[in-house]
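Encoded as C-alpha cells, the structure appears first; notes follow it.
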Amino acid sequence: MFDQKSSPQHEKVIVLGSGPAGLSAALYAARAELNPLVIGGIEPGGQASLTDTIENYPGFPDGVGGAELGELFQKQAEKFGARIAYEMATNVDLKVHPFSVTTDSGQYKADSLIIATGASPIHLNVPGEKEFTGKGVSYCATCDGWFYKGKSVAVVGGGDSAIEEALFLTRFASSVTIIHRRDTLRAGAILQKRAKEHPSISFLWNSVVEEVQGDTKVSGLRVKNVITGEINTLPIDGVFIFIGHNPNTGLFSGQLDMDEKGVIRVNTMLETSIPGVFAAGEAADSHFRQVITSAGMGAAAAIQATHFLENHS
Ligand SMILES: Cc1cc2nc3c(=O)[nH]c(=O)nc-3n(C[C@H](O)[C@H](O)[C@H](O)COP(=O)(O)OP(=O)(O)OC[C@H]3O[C@@H](n4cnc5c(N)ncnc54)[C@H](O)[C@@H]3O)c2cc1C
C-alpha cells in the first residue's frame, strides 16, 4: 500500500488494530483531522466480526451481524479520512519519539500511537488440540458451525461467548454439549436461560477436557469430572473452545507497564506508561470485554491522543 523504499512513512497517529477499539479510535482521530493510519492486522473488525449476531450494541434493536458491524465501523472511519492497511505490526520502538512501528511490509514513524490489538483465544493445551485444529477443533462458531450440520458438537466454557456460540451452533448441530469446569455459568442471565431451555443443548458440569481424540479428524473427547475424578469419553464430531482470551500485547513487553496477564496498564485518560502512547479495548481491559466498552475506550484514547499532539507540536 505504501512506498517501502524511502525512509519510514511519518504519521501523526498510528492505530494498531482494526477491531471495535481501533476503528473507533480511527473515527475520532479522523474527525480531529489527524488523518490516522490504522495498521489493522489480519482480523478486520476484530473478534466481533467472528460472531454471528451482536444484540447488545446500542442503535441496533434487532441485532447486527458481527462482520457487518465491523464493516460499518470501517466505512465510517474511512469517510472522515482514516486509512487502513491490513499489515501486521511485528516490532515497535517506543523508547525514542517519534515512535517506530515495523510491519510485515513496511516501516513507519508515529508522533502518537494508539494500541488496540485486542485479544486472542486461550487454548486448552491438551493432547490432540493442536493436531486437530481445523479438523474438528475450532475457536469460531460463525466460521465453522456450518460444517457440523446434523452432527454432535461440544462447546468448552461457561462465559457469554461460550453460551452465545453454543446457541448459534444449534442452528446446525443435532446436539450441543456444553462442558464447563464449574457447576454454574458465568454468562449473563438471558443467555443462560436460553441455553438451559434449548432442547438441543445439554451440560456436562464440573468437567474438564483432558484429550481431544480422533484419527484424521475429531471423534471424541476424554472428559474428567473434577469432583469425582471419573473419566469418560464423549463421542463428538467437533469441539468449539471458548475459555477466555489473552491480550495481544507481546510486542510491547518490556516497553510498557503491564499486569501479570499482559494487559497494558492505562490510567483513566487511557495513557500508558509512555507519554504519547495510548491503549484501548481488550489490549488494556480484561474486565468488561465488550464491543461497546472497547469502542468507548478507543474513542477516548483518540481524544487524548489529539490533546497530546496539540500540546507537543
Ligand atoms: C465469539 C465471540 C462473541 C462475542 N460476542 C459479543 C457480543 O455479542 N457483544 C459484545 O459486546 N462483545 C462480544 N464479544 C467481545 C467483543 O468482540 C470484544 O470485546 C471486542 O471485539 C474487543 O475489541 P478490541 O478492538 O479491543 O479487540 P479485537 O476485537 O480483539 O481486535 C483486535 C484487532 O487487533 C488486530 N491486531 C492484533 N495484533 C496485531 C498486530 N500485531 N498488528 C496489527 N494489528 C493487530 C487484529 O487484527 C484485530 O483487528 C464477542 C467475542 C467473541 C470472541
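The values are calculated or read from the model by the stated rules, or taken from the named source; none is laboratory data. Just so it is clear, the structure is predicted and the values come from calculations on it, not from any experiment. Cβ placement follows ideal geometry from the backbone for every residue including glycine, while neighbour counts extend to all protein chains displayed. Heads up: the accessible areas ignore ligands, DNA and RNA and are worked out on the full protein's heavy atoms, side chains in. Shrake-Rupley method; radii C 1.70, N 1.55, O 1.52, S 1.80 Å.
Odds and ends about this structure:
- Count of residues meeting criterion [surrounded by 15 or more Cβ atoms within 10 Å (Cβ to Cβ) and under 13 Å from Val209 (Cα atoms)] in region 127-166: 7
- Residue in region 290-302 that is farthest from the ligand (Cβ to nearest atom), counting only those that are touching a helix residue (DSSP H, G or I) at 6+ places or on another chain (Cβ under 6 Å) and of a type outside the set (Gly, Ala, Ser): Met297
- Tally of residues being within 11 Å of the ligand (Cβ to nearest atom), among the small types (Gly, Ala, Ser) and in a loop (DSSP other than H, G, I, E, B) across region 239-283: 2
- Enumeration of residues in region 33-58 that are more than 8 Å from the ligand (Cβ to nearest atom) and either crowded, with 20+ Cβ neighbours inside 10 Å or assigned to a helix (DSSP H, G or I) (or both): Leu34, Pro36, Leu37, Val38
- Any hit, region 136-151, residues being under 30 Å from Asn56 (Cα atoms), near the ligand (Cβ under 10 Å from one of its atoms), assigned by TED's automatic domain parsing to the domain that holds Tyr28 and not in a helix (DSSP H, G or I): no
- Single match in Glu164, Glu129 (criterion: touching a strand residue (DSSP E or B) at 6+ places or on another chain (Cβ under 6 Å), among the acidic types (Asp, Glu) and in contact (Cβ under 8 Å) with a residue 12 or more places away in the chain): Glu129
- Leading residue by the ranking (nearest to the ligand (Cβ to nearest atom)) among those in region 168-187 that are under 24 Å from Ser286 (Cα atoms) and open to solvent by 30 Å² or more (accessible area, probe 1.4 Å): Arg186
- Listed by first and then second residue, the pairs with beta-carbon distance under 8 Å, at least 6 apart or on different chains, first residue in region 290-304 and assigned by TED's automatic domain parsing to the domain that holds Val15, second of a type in the set (Asp, Glu) and surrounded by 24 or more Cβ atoms within 10 Å (Cβ to Cβ), are Ser294/Glu282.
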